[in-house]
Amino acid sequence: MNTQDMIYRFLHPWWLVALPLPFVWLLIQRRMERKRSPSILFSDLSVLEGIPITFAQRVHYLLPWIRSFALLLGILAMARPQAGNIQFNTSSLGVDIAMVLDVSGSMQAQDFRPNRLEAMKEAAIRFIRNRESDRISVIVFGESAGVLCPPTLDMGAAELFVAAIQDGMIRNHSTAVGEGLALGVSKLKDSSAKSRVAILLTDGENNSGKIPPMQAAEIAKSLNVRVYTIGMGDDGSGGATIMIGGQRVTIPGAPAGTPPAQDTLKEIARITGGQFFHASNERGLNQIYDEINKLEKTEIESTQTADFNERFMLFWYPALFLLALEFLARAFWLRRLP
């Protein structure tokens, strides 16, 4: 983004402290004129009454004013007035982010309010709103994986896609963590961004798909994609409650906090240079996204160039002209008698 501003400045502004001097000099000149004794003495000036003031006399009165104004212009010229543009060039070194979100059936568990799926959507949308200059893609996975939102700079569009996530949009009787991560990483493959990141959120262990999670992690590592993993669910091993046909059903081992799931997510983060997080409630999930937001700051590069033109001649030339005019008037037209 380029912006230009017209700027007026004085390169040597300390000269401006001398601006009162011409007026001081003028006051001194006027006092000296009043005190100066006449060169020719007359015993009676009544004979001169009624003689009109000549043009030369009027001009003679203005000579101190002309010199004072010339000095004023000269001081402004010495302050080096300039006019020009300062151009600001701002470029954003954004982050390409793939949000890989679990939409399997266990995401209907109600240990989050109103359930894990809705809590995930709310936190993901909040995260997107904080990423103004990045490119974001959204991938969802259950038994298989699919691209919900291709890489886009339009954060509003990404928000709408996340808000549209619903249960059953993909067959959800199992969880293809590796396949979801591999698809997310593929959307970052051709990125030219300084930083490429995948954020993998799941509440269960990989039990579906053709690509194992560790293989997907190795692919991410080879493409310099850093993966942040989020395990979602209560640490307890008693299972999670979901609603099926209006009935509450407990799924044993559903929480992502169980040791096998945590080990997998931790290893993915370790291999790719990311971090593992565990969210056991809505507040914790939002805090995790906030932490990732801080870790992946978008850098802004800003440069400025200045192009100024001198304007001192607008004051200097008139000052020289007035001084020359005053000198010529005193030397040839308004000469004083001895």
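Derivation of every value follows stated rules applied to the coordinates shown; laboratory data play no part. Worth saying up front: this structure is predicted, and the values here are computed from it rather than measured. Neighbour counts run over all protein chains shown; Cβ positions are idealised from the backbone, glycine included.
With a sphere of radius 15 Å drawn around the Cβ of F10, what net charge do the other residues whose Cβ falls strictly inside it have (Lys, Arg +1; Asp, Glu -1)? Don't skip to the answer; put the middle values down first.
Details: positive: R9, R80, R311; negative: E310.
Computed value for this residue: +2.
Can you put R116, R226, R196, R283 in order of Cβ neighbours within 10 angstrom, beginning with the fewest?
Details: R116 29, R226 20, R196 23, R283 11.
Listed from fewest to most nearby Cβ atoms, that is R283, R226, R196, R116.
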As a footprinting exposure proxy, order H12, H278 by other Cβ within 10 Å, with the fewest listed first.
H12, H278
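Suppose the chain between Y8 and K194 were pulled fully straight at 0.36 nm per residue; how much longer would it get relative to their current alpha carbon spacing? Before the final figure, lay out the partial values.
Values: separation 186, 0.36 × 186 = 66.96 nm, distance 3.80 nm.
Computed gain between Y8 and K194 is 63.2 nm.
For each of V147, V95, V185, count neighbouring Cβ atoms within 10 Å of the residue's Cβ, then give the residues from fewest to most. Please list the in-between numbers first.
Numbers: V147 16, V95 21, V185 25.
So the residues, fewest neighbours to most, are V147, V95, V185.
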Is the stretch 95-297 rounded, prolate or oblate when judged by the Cα gyration tensor, a ≥ b ≥ c being the square roots of its eigenvalues, rounded requiring a/c under 1.5 and prolate requiring a/b larger than b/c?
prolate
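Rounded, prolate or oblate: pick one for the stretch 133-209, where a ≥ b ≥ c are the square roots of the eigenvalues of its C-alpha gyration tensor, a/c under 1.5 means rounded, and failing that, prolate if a/b is larger than b/c, else oblate.
Numbers: a/c = 2.54, a/b = 1.44, b/c = 1.77.
Judged from the Cα gyration tensor, the stretch 133-209 comes out oblate (a/c at least 1.5, b/c at or above a/b).
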